[in-house]
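Here's the structure we're looking at; comments come further down.
Each value in this text was obtained by applying a stated rule to the coordinates, not by laboratory testing. What you see is a predicted model; the values in this text were computed from it and never measured. With ideal geometry, Cβ positions are generated from the backbone for all residues, glycine too; neighbour counts draw on all protein chains shown.
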Amino acid sequence: MSGSTQAHIGLHLDSPDQSPPEDAELGIYGFWIFLMSDAVLFALLFAIYGTQLAATAGAPGPAAEFKLGPALTETVILLTSSLTYGLSGIALKYDRTRTTLVLWLGVTLLLGLAFLGFELHDFATMFGDGATPDRSGFLSAFFALVPTHGLHVAAGCIWIVVMLIQIGVHGTDARVKLDLLRLGLFWHFLDIIWIAIFSIVYLQGTLG
Amino acid sequence: MTDAALRYALLGRLDAHALPFVRAWENPNLSEIIGAAAGAMVVIGAVVLVALLTWMRWWRPLFLDWLTSLDHKKIGIMYIVIAGVMLSRALIEAVLMRAQQSLAVNAPGIVAPEHFAQLFSTHGTIMIFFMAMPFLTGLINYVVPLQIGARDVAFPLLNSISLMLTAGGAGLVMISLAIGEFSTGGWSGYPPYTERAFQPGVGPDYWIWAITLSSLGTTLSGLNFAATIYKKRCPGMYLTRMPLFCWTALCTSILMIFAMPPLTLATALLALDRYLGFHFFTNDLGGNMMNYVNLFWLFGHPEVYILILPAFGVFSEVISAFSSKELYGYKSLIIATMAIAVLSFTVWLHHFFTMGQSANVNAFFGVATMTIAVPTGVKVYDWIWTMFRGELRFTPPMLFSVAFIMTFVLGGITGVMLAIPPIDFVVHNSVFLVAHFHNVLIPGLLYGMIAGYQYWFPKAFGFRLSEGWGKVSFGCWVVGFYLAFMPLYVLGLGGMARRTQSILDPDFQPWLTVAVIGAFILLAGLVTLFVQLVVSVRDREQNRVPVGDPWDGRGLEWSIPAPPPEYNFATIPTVHRLDAFYWFKADGRAYKPAATYTDIVVPKNSWVGPIVGGAGAVCAFGLVWHIGWMSLSGFALAWLAVIARSFVRDTHRTIPAAEVKAREESWLALAARTRPVPRQLEESSANLGLAEPYPAEVAA
């Protein structure tokens, strides 16, 4: 293969493409920039969280509310979903039948939903303890940071559903492939953010 | 369900007192009547606009040719139209404020304190987010693809969505005149004053959601421009061969990508406080308003350079073109631009020296702030050296550029003064500060935008703007500026606080009188700009420049017809050095047919942009008034439009090679039979857009 077909960042899709490769390069590049901007948003949420750690104002604090067990389960689920998304990428490249692609996307979707379920259960437990965001600056910061990640995962799940429908409608045409690459970047990005949440929020809150 | 609950579910907080007309009826004092008149202007303006569109049968062209267009040139023009409308409103507000202060020395004046606070809040919000940002985004949109030899921006649909989100935000600010009220918390909206405890009304909510729409649009614009400049340059257009305007556009885009998220977050967290009772910035339960101040100025200071850098780019282009010389110190200008962009993230704290940091922290940020004066000084010298021994022509854009250099240096010097924390402690929160930032933003932003508008107008519309009226307008903008703002330096040093509705010291009166005269002259500057536009449209047949190069230009944007075809370039050019088109002309390679023409693929129009922008504005309006069904449906509609669009595959159409060839050849034939115009006659109707070559200068 010549250099030009491999010019775009991300998974090289070795098959005849309707759109010229520079379109793919541009589309992926733009999405990287979007992720960079999103990363700034999360960085600031972490910074706010850091400044508000001590602002518990008599409401339940980290030691009382954070449980390492559920957080670890969520971590394992989300990291596994990144693996299964990666497997869907390999299926996209090597499997012409689309069955494995759809299968791995479906597994990823289920893992994403499972993650959200566990996370919502955590929040419900906290609400049950009276740890609601209007109680203190600390809880406000927590409920801004962690649910923002959760909303991103929810958006990713909706995106997977949209992509599954698109695969049904259009097959794996150039646009679908490009969108799957972008969705992959998004999904892995959320993993990285979660690692930071796990370390800074849950590990620090329970062990620190 | 009780009536009250049903009413709340349907209309939220809306009631008759939301209308300024009702308030003026019940309480007919001058301040309320001025408010009602302003609301009436919005309503009457909207009615007149609808009537005009219907009468002229412009609805179809408005939507099919403009609002749904993905052409970067049309999107750029629409941005500038928004800027013009919003500039008019915010300038009238400025005149009203100056009038109030000049009349309010130990007297009530004409507007009540609450009303005055809304005036300075909307004035600042509009000037920054809905005048300056759309203006510079519009210019970048129009010019950058042409300068780098591209057919469009990287993501045309995203571009349309950005425009419409910005338009939605601007619309929301206009609606606040006729329905409800605006924030009284200033353009920076500091909590805890903007929290629910102190301002339970809709004012801060209008501010929050208008800003949010605008900042989302701006983030997406920054992404789009950065991808365009990095990935869509024509062959040979290395980064160090780009016109300087592209460099400033690139730095501005990078700043947008990194600096808009703090603003989005600040407004979102403030909204959480106001709507859901969170405690980010409240006085009680662990809230910390310093977090807001830091977030806001983490955005706010880079924002200053988002605003000023594109204007620096315009001045670089204008000074080079009207001095007939290559830009002096091109590489040093690039380095200076980049240095300013990076340093802009290291100085945000100077906006709140007085808010409790230690002296050492203040000293660090003070020194960092002064450091920015160094690259800026480099630029000033580069512009002066560009003019040195050039063949200068003082057209209106050039006049604005020269006035900028001198006036901006004054503003920069007062900036360095304010960067010294002890001085800042003395004049902080006084009109000295107001004088300073107008002294940098009016020359450093507005003069640049006006210069850019006048410079590229003939390219966009195919005829020159009246230079006579341009010079009248220039005179008003310069004289008006000095009269309006130099007195504020004196008043600030004399201890006059900013944002005051009533003045107690009679010694301030003469200075305030001079300032209000200056404000009226600035208004005359705006009016003459509109007169210039009307006169120029009327006389357009005498001023046409169809060949497309009225100023003996140097960049690729001048190498195509005026107005440019939809696809910009019939064949993508290959460039070999800086000032590509100048050297095409010098080497005799300009206005030559291509060996072959190929089909050109352009994006089809799309309704997604207007739908997303409209739905976003509806969602925001619902949020302001707590109308749940409205905000949910607006939100859902915007996303459904985007998802539905992702299923559409038929998004492009092809312009056949034969058509491209025919258009290009007829333009080349026109160029061949057009009489070239020497530079000295470029302000006359002899200028048909073909510049006479100056072979002697090539050797120099």
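Take every Cα pair under 8 Å whose residues are at least 6 apart in sequence, average their separation, divide by the length of the range B:349-503, and the relative contact order is 30 percent.
Compute the distance from the alpha-carbon center of the range A:114-140 to that of the range B:128-182, in whole Å. About 39 Å separates the Cα centre of the range A:114-140 from the one of the range B:128-182. Under a 5 Å amide H cut-off, with hydrogens placed 1.01 Å from N, B:S430 pairs with B:R498 among residues at least 5 apart or on other chains. If you take the square roots of the eigenvalues of the alpha-carbon gyration tensor of the range A:19-207 and sort them as a ≥ b ≥ c, do you get rounded (a/c under 1.5), prolate (a/b over b/c) or oblate? Taking the square roots of the gyration eigenvalues as a ≥ b ≥ c, the range A:19-207 is prolate. Seen from a random direction on average, the alpha-carbon convex hull of the range A:99-208 projects onto 7.9 square nanometres.
Extension gain for the segment B:D3 to B:A595, taken as residue separation times 0.36 nm less the Cα-Cα distance, is 205.5 nm to one decimal.
Please label the shape of the range B:355-492 as rounded, prolate or oblate, based on the square roots a ≥ b ≥ c of the eigenvalues of the alpha-carbon gyration tensor (a/c under 1.5 means rounded; beyond that, a/b larger than b/c means prolate, else oblate). Because a/c hits 1.5 or more and a/b exceeds b/c, the range B:355-492 counts as prolate.
Between B:E114 and B:Q509, full extension at 0.36 nm per residue minus the direct alpha carbon distance yields a gain of 140.0 nm.
On a per residue basis, the convex hull of the C-alpha atoms belonging to the range B:295-417 measures out at 94 Å³. For the range B:220-289, the equivalent ellipsoid derived from the Cα gyration tensor has semi-axes of 41, 10, 6 Å, listed largest first.
When only Cα pairs below 8 angstrom with a gap of at least 6 residues are kept, chain B shows a relative contact order of 16 percent. With Cα atoms defining each centre, the range B:305-363 and the range B:478-530 are spaced 27 Å apart in the structure.
Could you work out how much longer the chain between A:A43 and A:L110 gets when fully extended? Use 0.36 nm per residue separation minus the Cα distance between them, nm to one decimal. Full-extension gain reported as 21.3 nm. Per 20 Å bin from zero, what fraction in whole % of the C-alpha pairs of chain B is there, up to the bin with the longest pair? Final binned percentages: 17, 52, 28, 3, 0. Remark: spin-label model distance B:V534-B:V367 equals 5.7 nm, labels positioned 7 Å along the Cα→Cβ axis. For chain B, the membrane-span-like helix rule (DSSP H, alpha carbon extent of at least 30 Å along the helix axis, mean Kyte-Doolittle at least 0.0) picks out B:30-55, B:72-103, B:156-178, B:203-231, B:244-276, B:289-323, B:359-387, B:396-418, B:467-493, B:509-538; this says nothing about an actual membrane. May I ask for the longest run of chain B untouched by chymotrypsin sites (Phe, Trp or Tyr not before Pro) that are loop-located per DSSP and have at most 16 neighbouring C-beta atoms (other than their own) within 10 Å? Between exposed loop sites, the widest span is B:395-606.
With a/c under 1.5 counting as rounded, go ahead and sort the range B:161-281 into rounded, prolate or oblate using the C-alpha gyration tensor (a ≥ b ≥ c being the square roots of the eigenvalues; past the cut-off, prolate if a/b is larger than b/c, else oblate). It comes out prolate by the Cα gyration axes. Helix A:21-52 versus the longest principal axis of chain A: what is the Cα-based angle in degrees, 0 to 90, to the nearest 10? In chain A, helix A:21-52 runs at an angle near 0 degrees to the longest axis.
Around the amide H of B:G390, modelled in the peptide plane, lies no amide H under 5 Å away from a residue 5 or more places distant or on another chain.
In chain B, the DSSP-assigned H stretches of four residues or longer account for a calculated mean residue ellipticity at 222 nm of -21500 deg cm²/dmol, using -39500 (n - 2.57) per stretch and the full residue count as denominator. Using a Cα-Cα cut-off of under 18 Å, which aspartates and glutamates could be cross-linked to B:K325, ignoring same-chain neighbours fewer than 8 residues away? Reachable aspartates and glutamates: B:E317, B:D382, B:E391, B:D549, B:D552, B:E557, B:D579, B:D587, B:E682, B:E692, B:E697. Exceedance of the 29 Å cut-off in Cα-Cα distance is limited, within the set B:K331/B:K604; B:K459/B:K592; B:K331/B:K585, to B:K331/B:K604.
On a per residue basis, the convex hull of the C-alpha atoms belonging to the protein assembly as shown measures out at 179 Å³. Label-to-label distance, A:I158 versus B:V426, with points set 7 angstrom from Cα along the beta-carbon direction: 5.6 nm.
Residues of the range B:597-613 with an amide N closer than 17 Å to a point placed 7 Å from the Cα of B:T651 along the Cα-to-Cβ direction: B:601-613. Treating r as the C-beta distance of B:W583 and B:V81 and R0 as 51 Å, the FRET efficiency rounds to 0.90. The mean number of partner chain beta-carbon atoms within 10 angstrom of a residue's beta-carbon across peptide B:295-304 is 1. A convex hull fitted to the Cα coordinates of the range B:50-147 yields 123 cubic angstrom per residue.
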